[in-house]
Amino acid sequence: MRILLVFLLVSLSIVVAPAQSVYQPSAENLAARKAFQDDKFGLFIHWGVYSLLADGEWIMNQRQIPAKDYEKLPTFFNPVDFNAKEWVSMAKNAGMKYITITSKHHDGFAMYDSKVSDYDIVDRTPYKKDVLKMLADECQAQGIKLFFYHSHLDWHHPDYYPRGRTGQKTGRPESGDFEKYLTYMDTQLTELLTNYGPIAGIWFDGWWDQSSDDAGHVGKTAPANKNGIDWKLDRTYSLIHKLQPAALIGNNHHVAPFPGEDFQMFEKDLPGSKSTGFNEAQTIGQLPLETCETMNGSWGFNIKDNRYKSTKDLVHYLVKAAGHNANFLLNVGPMPNGKIQPEFVKSLAEIGQWMQKNGETIYGTRGGPVEARNWGVTTAKGNKVYVHILDWADRQLTLPALPGKVSAARLFADKSPVKITQSAEGVVLTMAAPPAADMLDTIIELDMAPATAKK
Ligand code: FHN
């Protein structure tokens, strides 16, 4: 009898449950996704008042700084050397097609003129200027896209309650109204999507704060979490798509994409790798892909971090990302004066020189027909396949069988011919000489009879 009752109640709840609206991306959104995939390379910027303490963007949590003390930081944040034109030109010259900047990181401080709170750069700092507005205008002027990184979690807002795994020691009352917090967040997003021109997308982070670990093992497939919080992502995502249908939504929740998201992101790992612990619960889906990485080991400015990746490492990351069918979002953490440190500027200029010559084998491509190998990756566009040889010392390289006939092959750099021997087992490429040790990437261009690029 009891079982029958439960069965009836469950059936009834299925009948009366409100129909979940299924997200149908608009035509503009689908076009923006394709353009995003073609863009391949973007600049990530982590900038906030934390840069003053020169020890990364997590310092409020790491040093357990109470919110009321952290509030002193904005009073002397004065980035007088900030120059939007310089930043945008630097990104463009590096070959980047978009910028993703923190509008609000976990410390809760808004880097733009928010009207729903005065905890922002215009109202609380001696600088008093809206850096995001200046950046948005300059991006428009120079024709580069702009995304905003917005943190779900907030170590400052009193209504971010119940607290998640972080920000426990920031001296806020043990009470708060989460629904009010969500309204606050949606209002800030409305401001960002209304007052800054066309926005390429919103890059969310911090959802994982309410899950049990970094890999989001609680709530792998649905936005549930240890505190039983409902983030109401559907509501926020619909709002964004209503305000700007082409704006792409990505969420660094470290789990498989939720409905309403337009791209899938991976942190400090190529898609499919699980080396950092962030992406353990991720499988590669059908959406456009992006991976992000730091130039040293920090996102926000860190004066002691000199673990600089070489230009070769960074070019290899970009090429490998493209071979994995993903974009590469490369981070800088500007200094509190508004300048970007010279080590980063130099590497970005060098990457730009490489992209000037070789960008054709990256932009507009998709992951090629050969999966990533120890020697490198392949990218493809139209009837071309680009074989990127990153680590190989011999004249001959054998590829597995390709889906189509290779009609010609040449070195991309000087167009000199490469000998092809194709059979059912694979394709042997014979170069005139082994890849030079100082080449960042020896690229062989293959002409394919039928088109091989993934859609
Ligand atoms: O906690 C953040 C971190 O500060 C940074 O913003 C990175 C960028 O991917 N994401 C978070 C950790 O997953």
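Among the numbered criteria (1) more than 17 Å from Ala247 (Cα to Cα); (2) open to solvent by less than 30 Å² (accessible area, probe 1.4 Å), which single criterion is violated by Ala136?
Every listed condition holds for Ala136 apart from (1).
Filter the stretch 168-192 for residues that are more than 16 Å from Thr102 (Cβ to Cβ) and either touching a strand residue (DSSP E or B) at 6+ places or on another chain (Cβ under 6 Å) or open to solvent by less than 10 Å² (accessible area, probe 1.4 Å) (or both) and give the result.
Thr170, Tyr181, Leu182
If you take the residues in the stretch 250-260 that are of a type outside the set (S, T, N, Q) and buried (at least 22 other Cβ atoms within 10 Å of the Cβ), which one is nearest to Gly197 (Cα to Cα)?
Among residues in the stretch 250-260 that are of a type outside the set (S, T, N, Q) and buried (at least 22 other Cβ atoms within 10 Å of the Cβ), the one nearest to Gly197 (Cα to Cα) is Gly250.
Return only the number of the condition from (1) hydrophobic (A, V, I, L, M, F, W, C); (2) more than 16 Å from the ligand (Cβ to nearest atom); (3) open to solvent by 10 Å² or more (accessible area, probe 1.4 Å) that Ala322 does not satisfy.
Of the numbered conditions (1) hydrophobic (A, V, I, L, M, F, W, C); (2) more than 16 Å from the ligand (Cβ to nearest atom); (3) open to solvent by 10 Å² or more (accessible area, probe 1.4 Å), the odd one out for Ala322 is (3).
Looking at the stretch 60-102, which of the residues that are within 26 Å of Asn252 (Cα to Cα) and without any contact (Cβ under 8 Å) to a residue 40 or more places away in the chain is farthest from the ligand (Cβ to nearest atom)?
Arg63
Of these, Glu350, Glu360, which one is open to solvent by 20 Å² or more (accessible area, probe 1.4 Å), touching a strand residue (DSSP E or B) at 6+ places or on another chain (Cβ under 9 Å) and modelled with pLDDT of 95 or more?
None of the other options fit; the residue is Glu360.
For a quick check of your reading of the model, give me the residue pairs whose first member lies in the stretch 115-126 and is without any contact (Cβ under 8 Å) to a residue 40 or more places away in the chain, whose second is open to solvent by less than 10 Å² (accessible area, probe 1.4 Å) and of a type in the set (S, T, N, Q), with beta-carbon atoms closer than 6 Å and at least 6 apart or on different chains.
Matching pairs, first to second residue: Asp120/Ser114.
Residue by residue, here is whether (1) within 18 Å of the chain's Cα centre (by Cα); (2) under 30 Å from His157 (Cα atoms); (3) open to solvent by 20 Å² or more (accessible area, probe 1.4 Å) holds:
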{"position": "Ser26", "(1), (2), (3)": "no, no, yes"}
{"position": "Asn29", "(1), (2), (3)": "yes, no, no"}
{"position": "Ala32", "(1), (2), (3)": "yes, no, yes"}
{"position": "Gln37", "(1), (2), (3)": "yes, no, yes"}
{"position": "Lys40", "(1), (2), (3)": "yes, no, no"}
{"position": "Trp47", "(1), (2), (3)": "yes, yes, no"}
{"position": "Tyr50", "(1), (2), (3)": "no, yes, no"}
{"position": "Ile65", "(1), (2), (3)": "no, yes, yes"}
{"position": "Lys72", "(1), (2), (3)": "no, yes, yes"}
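Just to be sure I understand, how many residues within the stretch 277-309 are modelled with pLDDT of 95 or more, within 16 Å of the ligand (Cβ to nearest atom) and not charged (D, E, K, R)?
Going through the stretch 277-309 one residue at a time, the tally reaches 12.
Would you confirm, using the coordinates I've provided, whether Tyr119 is over 30 Å from Lys97 (Cα atoms), surrounded by 18 or more Cβ atoms within 10 Å (Cβ to Cβ), touching a strand residue (DSSP E or B) at 6+ places or on another chain (Cβ under 7 Å) and assigned by TED's automatic domain parsing to the domain that holds Asp209?
Against the criterion (over 30 Å from Lys97 (Cα atoms), surrounded by 18 or more Cβ atoms within 10 Å (Cβ to Cβ), touching a strand residue (DSSP E or B) at 6+ places or on another chain (Cβ under 7 Å) and assigned by TED's automatic domain parsing to the domain that holds Asp209), Tyr119 qualifies.
The values are calculated or read from the model by the stated rules, or taken from the named source; none is laboratory data. Just so you know, these numbers come straight off a predicted model, no measurement behind them. With ideal geometry, Cβ positions are generated from the backbone for all residues, glycine too; neighbour counts draw on all protein chains shown. The protein model used for the area step is the full one, side chains on, heavy atoms only, and it has no ligands, DNA or RNA in it. Shrake-Rupley method; radii C 1.70, N 1.55, O 1.52, S 1.80 Å.
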